[in-house]
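First up is the structure itself, then whatever we jot down about it.
What follows draws every value from the coordinates through simple rules; no lab data is involved. What you are looking at is a predicted structure, and each value in this text was computed from that prediction instead of being measured. Here the Cβ positions follow ideal geometry from the backbone for every residue, glycine too, while neighbour counts run over all protein chains shown.
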Amino acid sequence: MNETSSVEASVEATLSTVRAEVPQRRTQPVTIFRVPAYLRESNRTAYEPRMVSIGPYYHGATTLRAMEDHKWRYLHDLLSRNPMVSSSMLIQEMRSLEPRARACYSERPLLGSDDFVQMLLLDGCFILEFFKLHDKTTNGGGPNPLYDVGWGRTLIATDLLLMENQIPFFVVERLYYNIAGVQGSWQLLVNLLLEYISEVPLNTQPSNTGKIHHLLHLCYECSVPKWRPTAAGPKEKPGPRVKVIPSATEMSAAGVTFVRRSSPRDMYDVTFDAEHGVMKIPAVVVDDMKRPLLVNLIAFEQSQGVEEARVVTSYVSLMGMLARTAQDVELLYRHGVVENLLADSKEAARFFSHLGDGSAMDYDRQVFAGLYDDLQRFCRSWWPRHRAALSRDYFGSPWSAISFFVAGFVVVLTALQAYFAVFPRK
């Protein structure tokens with residue numbers, strides 16, 4: 001009987017917690033998700049922070065405790081420069097946001113109320129201070145233990161753009177406005193944050209609509225274009241979409257020419273001219289530091305509504321099919337499309353092939369669906385493939401071209417000799 005009572009009490013306590021969260025869940029949707037466990041286990045360094053924890057998911061992790069002292073130093077420095085702002089005032093602001101902030105997480109934070117509020121305060125101020133120190137217009141100079149170590153600064157910046165390592169953006173906003181006062185504005189805050197993220201090619205800035213969920217979302221909104229229909233237009237006949245395209249070397253054998261796009265709108269601005277068989281691709285640098293950002297942009301994209309176009313997922317799928325082997329990477333390198341900073345071409349091929357692991361793709365909403373259709377039709381055409389073979393076999397080098405013309409000249413002379421032997425001139 002006692003065991004039954006304890007179970008009932010446990011269930012009732014959990015249900016009470018859930019009931020208390022229902023009103024907040026109705027007004028505040030979940031915006032900070034966990035990566036599926038099987039994906040995280042396959043590539044922990046791409047999804048888990050290596051230097052600093054932000055938010056509750058990795059709070060208190062043993063390997064990240066060293067950064068907690070830096071968070072307290074950053075909070076001290078921030079308050080020292082703003083004597084009109086007190087820690088108690090900021091704590092009250094964070095406490096008022098606690099229910100809404102808790103509702104943002106797909107997994108219920110296990111921290112108690114005081115610990116959760118303290119985490120919001122320390123992590124939010126750390127973000128503001130970290131980016132402020134990077135801002136050359138406001139940084140007063142002087143030694144800084146994080147910025148003086150190049151790898152530390154790079155790893156922290158990478159950690160701040162992990163999907164599981166986030167706090168709600170409205171927490172950062174509230175802290176910023178309380179510290180900056182009347183001198184603060186949405187645009188100044190966004191400029192402060194984007195200056196460091198500018199190592200990612202940025203195309204636009206979000207408007208002050210309150211729709212930014214966290215730092216990774218801000219990066220996505222500013223670097224990933226809104227979906228635009230492909231130039232190919234609708235298919236002539238209904239049927240299944242093309243899901244697989246040939247590799248770069250196979251395309252080259254079929255007559256496709258690869259060109260580095262000179263002035264792309266963004267890194268996703270890939271086009272194919274079906275009339276001339278020319279595929280234009282913006283240059284992409286392949287290195288280990290780019291991997292975490294790309295896989296987390298994909299993870300964020302996968303967490304959004306199914307009606308949203310998955311631009312990053314589509315791009316990674318395209319590049320993964322183009323660069324299947326080391327020979328594909330070397331071909332793209334010769335055409336200026338890929339700049340490989342990894343050990344060798346095999347590593348670069350693995351880089352592309354594993355970026356999209358675990359991501360789901362709706363091929364009817366694939367951003368490059370029209371390009372896939374055009375490529376398949378072109379590669380199946382008879383003339384481009386044989387023209388490419390002719391160029392490769394007989395005009396691949398000056399000597400082979402000279403040999404071809406000499407052989408042709410000999411054939412013409414032989415034909416003329418035979419003709420005059422049969423029909424001698426009178």
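Express in nm, to one decimal, how much length is gained between R108 and L188 on full extension, taking 0.36 nm for each residue of separation and deducting their alpha carbon distance. Intermediate values should be presented prior to the final figure.
Values: separation 80, 0.36 × 80 = 28.80 nm, distance 3.25 nm.
Stretched out fully, the R108 to L188 stretch lengthens by 25.6 nm.
For a quick protection proxy, order the peptides 81-87, 54-60 by their average other-Cβ count within 10 Å, most packed first. Show your work: numbers first, answer last.
Values: 81-87: 11.7, 54-60: 20.7.
Ranked from most to least packed, the peptides come out as 54-60, 81-87.
Once the piece of chain linking D266 and K346 is laid out straight, how much longer is it, given 0.36 nm per residue of separation minus the C-alpha distance between them? Write out the running numbers ahead of the final one.
Working: separation 80, 0.36 × 80 = 28.80 nm, distance 2.62 nm.
Net length gain for the segment: 26.2 nm.
Run the quick spin-label model on A415 and E339: label points 7 Å from Cα toward the beta carbon, then report their separation in nm to one decimal.
Between A415 and E339, the label points sit 5.1 nm apart.
Using the beta-carbon distance between R73 and S353 and R0 = 35 Å, what value does 1/(1 + (r/R0)^6) give for FRET efficiency, to the nearest 0.05?
Details: r = 42 Å, r/R0 = 1.21.
The formula returns an efficiency of 0.25 here.
What full-extension length gain, to one decimal in nm, is calculated for S6 and Q205 as 0.36 nm per residue of separation minus the Cα-Cα distance? Intermediate results must be reported in sequence, preceding the final value.
Numbers: separation 199, 0.36 × 199 = 71.64 nm, distance 5.37 nm.
Gain in length upon complete extension: 66.3 nm.
Any idea how far apart H276 and Q118 come out in nm if each label point goes 7 Å out from Cα toward Cβ?
6.5
Order the peptides 116-126, 347-357 from the highest to the lowest mean number of other Cβ atoms within 10 Å of their residues.
On the way: 116-126: 22.5, 347-357: 19.5.
So the order, starting with the most tightly packed, is 116-126, 347-357.
Give K132/K211; K226/K346; K243/K290; K211/K346 a once-over and call out the pairs whose C-alpha atoms are over 30 Å from each other. Show your work: numbers first, answer last.
Details: K132/K211 23 Å; K226/K346 33 Å; K243/K290 26 Å; K211/K346 41 Å.
From the list (K132/K211; K226/K346; K243/K290; K211/K346), the Cα-Cα distance tops 30 Å for K226/K346; K211/K346.
Given a Förster distance of 56 Å, report the FRET efficiency between A283 and V422 from their Cβ-Cβ distance, rounded to the nearest 0.05.
The calculated FRET efficiency here is 0.40.
In nm, to one decimal, how far is the R44 label point from the Y363 one, both placed 7 Å along Cα→Cβ?
If labels sit at R44 and Y363, their model points lie 3.6 nm apart.
So who's got an amide H within less than 5 Å of the one on D362, skipping anything under 5 residues away but keeping other chains? H placed 1.01 Å off N, in plane.
none
Quick check for you: which residues of segment 253-277 have the amide N under 20 Å from the point 7 Å beyond the Cα of R380 toward its beta carbon?
Hits in segment 253-277 for R380 at 20 Å: 253-257, 272-277.
Calculate the length of the line joining the C-alpha centroid of segment 251-271 to that of segment 58-118, in whole Å.
A separation of 47 Å, based on Cα centres.
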